[in-house]
Structure formats: C-alpha cells, structure tokens
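The values are calculated or read from the model by the stated rules, or taken from the named source; none is laboratory data. Computed from a predicted model, the values in this text were never measured in an experiment. Here the Cβ is made from the backbone with ideal geometry for all residues, glycine too, and neighbour counts use every protein chain on show.
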Amino acid sequence: MSTIHNIGFPRIGEKRELKFALEAYWRGDDDGRALDETVAGLQRHNLITQHQAGLDWLPVGDFSLYDHVLDTSFLVGHLPARVRDGTAASERDQYFRLARGRAPSGSPVAAAEMTKWFDTNYHYIVPELEADTHFSLNPEPLLQAIGTARELGVPYKPVILGPVSYLALSKARDNGADALELLDTLLPVYRELLETLGKAGAQWVQIDEPVLATDLPDAWRDAVARTYAQLHHADHRPSLLLTVYFGPLRDNLDTVLGLPVDGLHVDAVRGADEVETIHRRWPRERVLSLGVIDGRNVWRADLEALLDGLEPLHEARGDGLWLAPSCSLLHVPVTLRHETDLDPTLRSWLAFATEKLDELATLGTALNRGRGAVADALTESTRIHNERRGAGSVVRADVRERVTGLGAEPFQRASAYPDRAEVQRRRFDLPLLPTTTIGSFPQTAEIRRTRSQYRQGRIDAATYDTFLREQIAHAIHEQEAVGLDVLVHGEAERNDMVEYFGEQLDGYAFTHFGWVQSFGSRCVKPPVIYGDVARPGPMTVAWSRYAQSLTRRPVKGMLTGPVTMLQWAFVRDDQPRRDTAFQIALALRDEVADLEAAGIGMIQVDEPAFREGLPLRADERPAYLEWAVGAFRLATAGVRDDTQIHTHMCYSEFNDIIESITAMDADVITIETSRSDMELLEAFTDYRYPNEIGPGVYDIHSPNQPATADMVRLMRTAAERIPVERLWVNPDCGLKTRSWEDVRPALQNMVAAAQELRGGI
Ligand code: GLN
Ligand code: ZN
C-alpha cells in the first residue's frame, strides 16, 4: 500500500474565518472566547476535511494563530527580551505583541521584523538572535493540537520546522549572536521535543528543512549533517520524515542522502528531474515521499501522466512510497466549493487545497488497487488536460505571433536617457526637486461603499462614473492646494492594483474566495492567469485624460507593471513565466501608447513585485532578471523622448539588482527609503544609477506626522549621494490606506521641505 499524506493545510478558513476572529479579538470586540471557538472549529474542520479525503497521515501543528515560524520561537522558548517582561495577561497576548507590536493586554513593543517565506507571498516573523539567546521547550500548544487529532481519532503526524531552517531564517540582533553557534544549544531542545512527541504517541514527525532547497554555504550543510546525526539519537523518538520543498536539492543532495532519517520528502514538482536519482540512491527500506501535487499553483494535475512515472517506483518501493503535495497547501486557497460564479470550464481546470487532496487520493487508489479502481477520475483528468491545452480562451494566435515576432527594437527607447532628460526638462519645466506622490490617495469608506454598491448593481454605471470623476477632481484640487508639482488622479476607481487591470484583460480570471494568507490576518486573492493575455480596449485612459483636463500641471498616468501583474497572480504552468510576462507587457505597451496619444506626458509603471520574482537559487537569477527587465522595457519603451516614464518599487533591497534596475531605463524611479534612513540609497549612488530618483522621504505606514525638518535632513543625505538635479521628493508608497486628515498635513510638510531645500541644499 502506498501512503498518502499532507504537508500542511491552509489556516484561514474557507471564508477567512480566522482573519475575522483575530481582528475582532485585537479590536477588543471579543475577550478571546470567540477566537478560541473559531480556532478550535477550524482545526477540527481542517482535520475532518483531510480525513474525509482519505489521507493516511494528517499534519498537526501546521495550524497557526499568526505564523508558524513565530510558533516555533514559542515552541523552543525563544523570545526577545522585550517581550519576556510578562506585562501581557496571557501567552497569546505575548505572541501577538511580538507579531504586531500590540495585543489586548500588555504594553506596546516594537513588533518583530517580517519577511518573505522563501519565494512565496507568505511572510514570517523573523526570530531574533541575541548573544544571550537560550532555548527551552514549550510543547503545550503542539500537544494540544495533537490532543484534538486524538479526540477525532484521526491518524496524525506532527509538523515542526527543523532547527537548521529555523536558525537560517533568523537574524542576529547583536554582533555576539551567531546563528550556527547557537545550533548546539538548540539541538537538545529539539531532542527533548522529539522525545515528548514520541511519548505523546506520534509515530512520525514531519521535520521541515526548506533551506535544503536553497544555496547553502558549506558550514550550513555540515550543520545539517551534525543536526540529524544528533536527533537520530533522541530517546523514544518517532520516525523522522525530513521534508524539503520549494525546489530541487541539487548540491545539497549528497548531504541529504547521507542523513540518518527514516523518511525523506522531496518536491517532485519543481524537483521532478531529481526524482529518478533520489529513488536510485535512497535506501528501499526507508520512506520516500514524493510531492507530486503542485502546492504552489491552482491547476489540476495530469494524473495519468503522473501515474506513468509513479507506477514503476511503487513497484520497486511498495509501502515505502508516500505521496503528498509538493509543499504545504498554505499557498493555495482552501476550496473551489464556493466559486459558483466562475466560468464552469475554467473551474473544472482548477484544484485548490481540498481538491488537491482528492487528486492525491485518486493517485493513491490507482497505485494500490490499479487504475481501473479510479477509471472515471483518471479519464476526467486527462480530458481536462487536453481541453485546457487546446482551448480557444487559452491559445490566441494573434497574441502568440506578436510575442514571437518581437525583434530588439521594441525594447529600446529611441534616445538615451541624457537626451530624453533634456527634452523632458524643456517640456515640463519643473522646479529643482520636483514633488509628487506614488499614485493612490485615500480609499475612503465612501469610495469603498460606492464601489460595492456598483458591484451589487445598486447604482448604475453612469452614477458610479460621476462619483469617480468627483473623487478625481477632489484629489486634483487637494494636490494643487498643497502645491505638488506632478499630480496623480488618485486611483479611486481601483480596488487593487492587480485586480483592476486583470479584470480588464483577457486571460485573467478572479475568484470570490480564493484567499491566501500573506501574513497574520492579512490575505490576498491572486487572480488566475489562464490564457494568453490581451487588452480588448483602453483601461485607464478616460480617467487620466479627465484628471489632466482639470489642471495645468502634469498628471502621471498610472499602470501596474508586467512583472507585478504576473508575480501577484497564479500563473499558467503550460508556458514559461517569461512568455506570460511579455504578453502582459504588450497589453500594457498599447495602454502606454494610448495614454501618450491622449496627451499624458508622464506615465508611471509600478513594479513593487520586481524583486520578489527572484528565484531562490543564485544561478537562476540572471535569466529572471533579463526577462523581467525586458518585460518592463517592452511595456514602456515605445514612447516618444518627451514622454517621461516613471516606475515605483517598495520594500526592496536594491543592492544586488541595481544593474537590472538601471537597465529598466525608467526616466524616474521612486523607491521606499525612509525607514532605512536613506541607507537603501547606497545602491543608487552617483556612479551606479544614472537616471532620476525619488527616494521616499516619509513612511506612509507610520501613524506619526512626518516633520519638515526630518524630510529636509533625509533629502540632504540623499543629495550627498545623488546629484540634486536628478532627485525628486515624494512619500515612499501610495497613500490609499491613509485618511485625508493624515495625508494633507504630511504632504504640506513635504512640499515645505522641498521649498526649503530649493533655497539651498
Ligand atoms: N501606484 C500604487 C499606489 O500608489 C503603487 C502601490 C505599491 O507600490 N504597492 O497605490
Ligand atoms: Zn509602494
């Protein structure tokens, strides 16, 4: 019998129940009892769903109130000194204080840093290592989760984050702390944990070491070997399933194959090429778990094709072959069940977490009882695959020809930046240190209410249109009153910077409940790119033209760039990402041309997700950067010399990609820098970045009003690094989450700072 199991299940609930329960608790609308109930309900529901799917082992401990790395910090008793003080009434409030700076009880503290979980859109709470860091086991929450599984009588497998990945994901807060040195003090706690789990009755423990899918220095690879040699000796320990995902093992393969663990799970989607080698070299008497169902995307699998590869392995390994999703299903939505508005054909091509488990079950049955036992499901899977491949909504000859026919010319602006800058200077005649904003103005309750009324058909298109024009006029007047030099229309018509465009492009589809956790209670609903992307008509021209008609100052057109449009979506798995990016770029190129023809002189193409697309492995990065830069240039290079192209990026480190950012060749880039005190600007100094740049002078997320003097100081720092003629003054990101009461004085102060600097830098 081959075994089927799961690596992790989404926590947020089918309708984001966890989000709403958390936020009610944080607001103080709930004393914690409702949250307890919701959490218990979700945990049981998740287990029951997975049990009903027929899994042999269900993950426990994968659920989290906020983040599983933060859970691990609590599990190993590792909290920074500032939250150890115990002012919170409960451990849960301690947990929230560390996660988000405050909780219903306890004084506010600095929230821990948050960063991207590998190459996903999930963000984890970074563990902080201090010189006096010590660890001590706190297994209660995990034991409680196990208790729930036992009550339900389902077969469970505790999931823990491995010690090497835990340390690799943490950050030293002072010089005395060295992650690798701490390993020796951490390992006894993991040994004790394994013993505790063994005594609690666990037969298997899934121990996740996703860092083994990344480039590891030798010292870290040695640490892996040392770690598992030690954990192997834990008394009464359960069997260990070492679990790696998010990519192939490559240069870590030999290390992994030498570990004394009882089972090995590998990512057989991204690491498909390695499966044969691993099968050959991994001892037959140990478990080999293949992550064959894609945990990072939403497409149904081609089950018959998978079985062709799996049957010989099953023949050879028998019971020792396990099947699973490639990684935790945290990164896909919970279920398709509620997507009743989705086109039925497209819907039949999709599998979210729950449906992926059904696919797994079908594979398991086919291996154990023969394909005949699931003949219908297999026929259906194959039919769907063929249908998708040939569907008219997927393959569009006109779009494909346009991409394949691209020569070098469409990627190249007519003149080099210095010549363009000259023409643009004459056209716009801006003062030194021009002031602008990043695009969005407050999305007020009124705007959101009116949009939802329109969506529900309670107001008609004409009424909605008039309303949006009023909002644009308001934004323009506010900006003129503040005295900004380059204006924006304010993006009142946009619910979301990707969704707004996706809804107007062919090849994109949207779900109602396709939410995926981004961090804590924050979820995103990525669109699904299912077909060749094309633009049926202009998307933003009317709004921009209207905004420009209201003022003599330049109004920037505002688009979301091709890489971000791709990166924040579920993408096709039937063509390279590059091809999809180029299709989107061509659609945007037409929009850019239409904006230019409508008299819009400055066009901003936002790429906040540009850096996020970087592959995990260094040797794959150049190829990514090449097409990502190419897509941006394709979208923007078609304009005249006197049309000024802007771009915006936020929350990125730029040092390692500065050549690529330069190669994008935007006339102006605005970036987030204020929180790092202009440190980020180092990448952009004189010699390295030749075009214009607006380093954000204030943090739009901060509740505090930015002071003119601070902004003056920041710009002076910037001017030490970049010639003042090439500097702009702007906030560090869009203002949609702020209120006009915040925005107005902040921008007034910012304009005052620019004026002061113009008087002498
Ligand atoms: N133009 C967008 C805005 O201002 C950019 C958002 C972003 O950087 N994420 O909202
Ligand atoms: Zn931004």
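Can you confirm whether the stretch 221-244 contains a residue that is touching a strand residue (DSSP E or B) at 6+ places or on another chain (Cβ under 6 Å), within 26 Å of residue 570 (Cα to Cα) and either in contact (Cβ under 8 Å) with a residue 12 or more places away in the chain or among the hydroxyl-bearing types (Ser, Thr, Tyr) (or both)?
Yes, the stretch 221-244 contains a residue that is touching a strand residue (DSSP E or B) at 6+ places or on another chain (Cβ under 6 Å), within 26 Å of residue 570 (Cα to Cα) and either in contact (Cβ under 8 Å) with a residue 12 or more places away in the chain or among the hydroxyl-bearing types (Ser, Thr, Tyr) (or both).
If the Cβ limit is 8 Å and pairs must be 6+ apart or interchain, which residue in the stretch 434-448 that is part of a strand (DSSP E or B) pairs with which residue that is among the small types (Gly, Ala, Ser) and near ligand 1 (Cβ under 8 Å from one of its atoms)?
440/734
Which count do you get for residues in the stretch 232-246 that are touching a Lys or Arg at 6+ places or on another chain (Cβ under 9 Å) and of a type in the set (Gly, Ala, Ser)?
Of the residues in the stretch 232-246, 1 are touching a Lys or Arg at 6+ places or on another chain (Cβ under 9 Å) and of a type in the set (Gly, Ala, Ser).
I'd like the full set of residues that are of a type in the set (A, V, I, L, M, F, W, C) and touching a His at 6+ places or on another chain (Cβ under 8 Å), limited to the stretch 35-90.
Those that are of a type in the set (A, V, I, L, M, F, W, C) and touching a His at 6+ places or on another chain (Cβ under 8 Å): 55, 57, 58.
Looking at (1) under 24 Å from residue 388 (Cβ atoms); (2) of a type outside the set (Val, Ile, Thr); (3) without any contact (Cβ under 8 Å) to a residue 40 or more places away in the chain, find the lone condition where residue 316 falls short.
Of the numbered conditions (1) under 24 Å from residue 388 (Cβ atoms); (2) of a type outside the set (Val, Ile, Thr); (3) without any contact (Cβ under 8 Å) to a residue 40 or more places away in the chain, the odd one out for residue 316 is (1).
Step by step: first the residues of the stretch 604-638, then only those that are in a loop (DSSP other than H, G, I, E, B) and not charged (D, E, K, R), then the one that is nearest to ligand 1 (Cβ to nearest atom). Which residue is that?
608
For the subset of the stretch 728-757 comprising residues that are crowded, with 19+ Cβ neighbours inside 10 Å and within 26 Å of the chain's Cα centre (by Cα), which member is farthest from ligand 2 (Cβ to nearest atom)?
In this case the residue turns out to be 738.
Among residues belonging to the stretch 662-681 that are within 16 Å of ligand 1 (Cβ to nearest atom) and at pLDDT 95 or above, point out the one that is nearest to residue 578 (Cα to Cα).
Checking each candidate, the answer is 664.
Within the stretch 474-495, how many residues are buried (at least 18 other Cβ atoms within 10 Å of the Cβ), more than 16 Å from residue 751 (Cβ to Cβ) and either without any contact (Cβ under 8 Å) to a residue 40 or more places away in the chain or of a type in the set (A, V, I, L, M) (or both)?
The qualifying residues number 1.
Does residue 473 meet the test of being closer than 21 Å to residue 602 by Cα, more than 31 Å from the chain's Cα centre (by Cα), of a type outside the set (Lys, Arg) and away from ligand 2 (no atom under 16 Å from the Cβ)?
Answer is yes for this residue.
Quick check: anything in the stretch 304-315 crowded, with 20+ Cβ neighbours inside 10 Å, of a type outside the set (Val, Ile, Thr) and not in a helix (DSSP H, G or I)?
no
Within the stretch 469-513, track down each residue that is within 16 Å of ligand 1 (Cβ to nearest atom), charged (D, E, K, R) and within 23 Å of residue 729 (Cα to Cα).
The answer is 478, 491.
In the stretch 32-42, what residues are out of contact with any Lys or Arg (no Cβ under 9 Å at 6 or more places or on another chain) and in contact (Cβ under 8 Å) with a residue 60 or more places away in the chain?
Of everything in the stretch 32-42, just one residue is out of contact with any Lys or Arg (no Cβ under 9 Å at 6 or more places or on another chain) and in contact (Cβ under 8 Å) with a residue 60 or more places away in the chain, namely 40.
Tell me which residues, restricted to the stretch 273-316, are within 26 Å of residue 239 (Cβ to Cβ) and among the aliphatic types (A, V, I, L, M).
275, 278, 287, 288, 290, 292, 293, 306, 310, 313, 316
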